[in-house]
Structure formats: structure tokens, C-alpha cells
Amino acid sequence: MKSLRNGSAWVLTVIGGMCLGAGALWSQPQVDLPQSVLQTPSDLSLAFREAAKHVLPSVVSITSKVNGGVQVAEERGQGQGGEQLDELFGNDEFLRRFFGNDGPRRFQGNGGNLRRYVPPQVGNGSGVIIGDGIVLTNAHVVSSADEVTVELHDGRRIRASSWATDPRRDIAIVKVEADNLSVARLGDSDAMQIGDWVLALGNPFNVGVSVTQGIVSATGRATRINELESYIQTDAAVNPGNSGGPLINLKGEVVGINTAISTNSGGYDGVSFAIPVNMVQGVIEQLIETGKVQRSYLGVALQSLTPELQQRFGAPQGGALVSMVKEGAPAAKAGVQAGDVIVELAGQPITNSSQLTTLVEGLPPGETQTLAVMRQGKKVDLKVVMEEMPEDYTDALRRTRPARGATPPAEVQDAMGLKVTALTPEIAAQLSISERTQGVVVTEVELGSVAYESGLRRGDVVQRVGDAAVTSPQEFKEAVDAADRTQGILLHVSRGDNALFLIVSPTE
């Protein structure tokens, strides 16, 4: 489950073990939907019942399995050896979901990356069938998976043939090959208003598909869980395992995908969030058709405009304040400057940075668009040629780059307080080091051990013990056993793009 912490804890409704109209590319059902006009209290109960009955057969449970291995994640700042997970990654929900609160507690910054051995893990989430063999769910349910299994309402368990994700919006498409699938219909999330009744469906705590009710508490919520957000906030009970399940209106139409909760307890505390389906229609189509999302970018850092900033930058009607322009990016080529307030793009007025980001990503790469900015109180029109966003442009895109390949089980642990395993080509790729590098990978360092105190960290590659080169756990053990421990054991260690010597004094 995703945990959003800012005074209170935020939690992505998750994978339980860890944490409109018809689309052109899939077939939406033509069914008679229940009406939501209510006259008596019994009508409300009947409306809940009928809406749930229409959608329940299309709700699925998802099990995702990660084989394990050395995981590489981008470091947000300069890492210091031995910093606590809470201190170093208090806001990085990808790492917290992936490793869990009971997992390894320390990381080491190595050349801008963080490396950690992760054992095999299994998580649970939810999804909804929106077309023939097409399941809609959250990206965080399946993005790191090596194997995905979908359990249908009738009890059938089917291995997914493929899945594709958009980490920017936390949306994923899972494809299964099965007959007689019940398909839910997508509704118009823009039509949802505060006070509207909604039902949340999914598999909380892996107890089985369940239905809860609530109302729309707010729309357009931004919580900084994901990079692109405009959530429907509800008070429908949502818990770990509900991630990816549908939020429906009383017509039995899917209007959102349940994604996160705000919590102090770790469970439901009365506030939950769903991704509006209108926001991801184009993303769904691209994921079905090509397995990836093509998006444009400007190459700027944006800042929200406070009333004071609006006055200072001469933009009383709002807009998106540019705080930085990336060198060589489309915005830089167009002449955009830090301090500009973008007020119009492609003929669309811009009132805030979130709106601008969504608009930019939907514009076709290669096309020239007019971009208007307020600069020193004057409106300036610029021409910008849209370009496709690089695959590693944002934190979310970098964090979800494939990290496949299980770590071989052979390990050695001795009085030094560490474990090592063979350096395979897959691990070398994940550690961003040359396949020609020889050595053994440190997969675990016991806190407080002599290895830890000497500076060894997970993800380090030990190449030599004393004068002896080591290429396997057995060679490492033999070299350590044969070494003279009176003055400590000298290790030659590769760490990211650097190398260093460390002296370890093992206990007998």
C-alpha cells in the first residue's frame, strides 16, 4: 500500500503483502444500467444492490510475484552510509512499498544510486475488466512483478499474458486470455459532484472481493503520491488490497480506480482517493495498443502560484510559474525563461501547473504549438516544437525501469556479519556496472557487525580479499578463511563508479 506521510500517513491501497464512453481499442458492453433516481430509503438500498450486481462479476483479484534480486533506485539526495530508511526514504513510496516496513532498514548511497537485495515477494491487489481480456488496475500493483495472476469472479485463476504500466498516473493494463468475461462499463468521472453516492469494490486484505459505500468528498485532489494526479476523494472504506479496484456510481459505471488512503493507523481512517477514468482514457488506449505511453514534455520545473507570486510576476489570472528550464529541452529551444508564467498553450488557457502538465503530455510529439507566457508583466508568444519525453525523465519513470533477474541462492555468512552472492550479468546490469567486472555482491550486512562498521554496504562488489581475486561465494569464503586476521582483512570493493579499500577485523 502506498504510504503518504505529511503529518498523517498516506497509504496506497495496495498490494496487500507489501504496499466517458467507450474506448476505440476495446469493446464496452451495451447493457441496461440501473437508474439512480431515489424516492425512499429502500430505493437507496436497491440502488446499491443493483449497481454492485452489475459490476461485481467484472472485479478481479490480482496476485503479483517478484522473484527477488538486487534492486536499484535513484537517490534523491547525497546518500550517507547507514542512514535509517525512515530518514532517507520517508517520502519515497516506491521503496517503502517494495521493501516494506519489516524489510531491510538501511541503504547506502553509491554513485547516485541505491542498491538493495530484495527476497522474493508476493503481493495482492484488485482490478476490473473493461474489455475482452483487458483488466484495468494500478501500476503499483504489477509494475515490479515477474509474474501476475488474475482470479476471476467465478474462481478461475489465469496467468496474465502481459501487462503494461504508466507510472506517472499509476495506471496499468493486464491482459488475460479467457472466455466468458464480464465487462464493466466506464462512466463519466467529470460528471461526479460532491455528495454523489459511490461504491468501492476490491479485495481488501485478500479476504475476497467486497463492496463498500460512501460519497464523493472532493474532486481534483492532489496529494503528491504520484506525478500526475487529480483524485476523486471519497469516504468509502478502502484498505490494503483494494488497489486497482473500481469506484462506481449508482448507475453501475466505473468512474475511478481506487488508489490511496490517508491514514494514521495503517488502515482506513475515512479518506480514500481514486483516479478519475476520464483522466486516463488516452493512457488506457495507448497501453492496450502499444504497451507504452507516448508523451510530450517541455523540460521545465513548475511552481504553484500563490497570490503573492501572482502579483509579483504579473499574472493575476493564474498560470504555471517556470522555476527552471532544462538545457536543450523544448522549452529552452523555444526561449522560455525561469520566471515566466505560462498562461496559454495550444490555444488552451492555463490556470495551474497540473493542468499544463496534463495538456503537454497529451500533445503529439513533432508538432509546433503556440505557448504564451507573462514576462515582466507583458504577454509574450513563443513557438515550441513538442518532443517525446525521455524514458528516464522523471522519478517515477526511473524507478520503474525493469529490474528482473533473481539473485542466485548461494551465499556465505561468517563472523564478518555479511552475506555475498555471485555477480551475474543480470545483477551487473542492475548495478550499472560492466559485465566484465569480477567479484561477489554483498547482499546483506548485519547492523553493528564488523563488516558494517568497516563501511561495507549492500550492493558493494568485493573484487579482492587481500591479494586474492574472488569470483564466487566459495572463493570469497576460502580467501577470508586463509587471510591473516591479526591486522584485519583488506578488501578491494567496487561501489558504483568508484572503488575503495576497506579493512575488516572479523571476530573469531
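Other residues with beta-carbon under 15 Å from the beta-carbon of Leu199 carry, at +1 per Lys or Arg and -1 per Asp or Glu, a net charge of 0.
Rounded to the nearest 20, the size of the Cβ-charge dipole of region 296-388 about its Cα centre is 340 debye, with Lys and Arg at +1 and Asp and Glu at -1.
Within the straight-line cut-off of under 17 Å between alpha carbons, the lysines reachable from Lys419 are Lys477, sequence neighbours fewer than 8 places apart in one chain being disregarded. Here Arg49 and Thr486 are evaluated by their C-beta separation; at R0 = 60 Å the FRET efficiency comes out at 0.15. Here the label points at Arg221 and Asp467, each 7 Å from Cα along the C-beta direction, are separated by 6.7 nm in the simple model. Per residue, the average separation of C-alpha pairs within less than 8 Å and at least 6 apart gives region 412-504 a relative contact order of 27 percent. Using θ = phi - 60° in the Karplus curve 6.51 cos²θ - 1.76 cosθ + 1.60, the 3J(HN,Hα) couplings for region 204-221 round to x, 6, 6, 8, x, 4, 9, 10, 10, 10, x, 10, 6, 8, 6, 10, x, 6 Hz; x is entered for Gly and Pro.
Stretched out straight at 0.36 nm per residue, the stretch from Val122 to Asp179 would grow longer than its current Cα-Cα span by 17.9 nm.
Full extension of the chain between Thr368 and Ala338 gives 8.7 nm of extra length, using 0.36 nm per residue less the Cα-Cα distance. Quarter the surface of the alpha carbon convex hull of region 412-504 and you get the mean projected area, 5.2 square nanometres. Of all lysines in the structure, the ones whose alpha carbon falls short of 19 Å from that of Lys333, not counting any fewer than 8 places away in one chain, are Lys379, Lys383. Computed with the Debye formula from one identical point scatterer per Cα of region 115-255, without solvent, the log10 of I(q)/I(0) at q = 0.13, 0.14, 0.15 Å⁻¹ comes to -0.59, -0.68, -0.78. With q set to 0.14, 0.16, 0.19 Å⁻¹, the log10 of I(q)/I(0) for region 175-271, from the Debye formula over equal scatterers at the Cα positions, is -0.52, -0.68, -0.94. In region 412-504, a dipole from Cβ-located charges (positive for Lys and Arg, negative for Asp and Glu) runs towards its positive end, and of Thr421, Gly455, Gln438 it is Gly455 whose Cα lies farthest in that direction. Separation of region 302-334 and region 352-387, taken as the distance between their Cα centroids, equals 11 angstrom. Of Lys251/Lys292; Lys326/Lys378; Lys175/Lys251, which sit over 29 Å apart, Cα to Cα? Cα-Cα > 29 Å for Lys251/Lys292; rest within. For Leu363, nonlocal amide neighbours, meaning residues 5 or more places apart or on other chains whose placed amide H falls under 5 Å from its own, are Ser296. Distance between the 7 Å Cα→Cβ label points at Asp381 and Met324: 3.2 nm.
Read-outs: derived from the displayed coordinates by stated rules, not from any lab. Just so it is clear, the model here is predicted, and its values are computed rather than measured. Neighbour counts run over all protein chains shown; Cβ positions are idealised from the backbone, glycine included.
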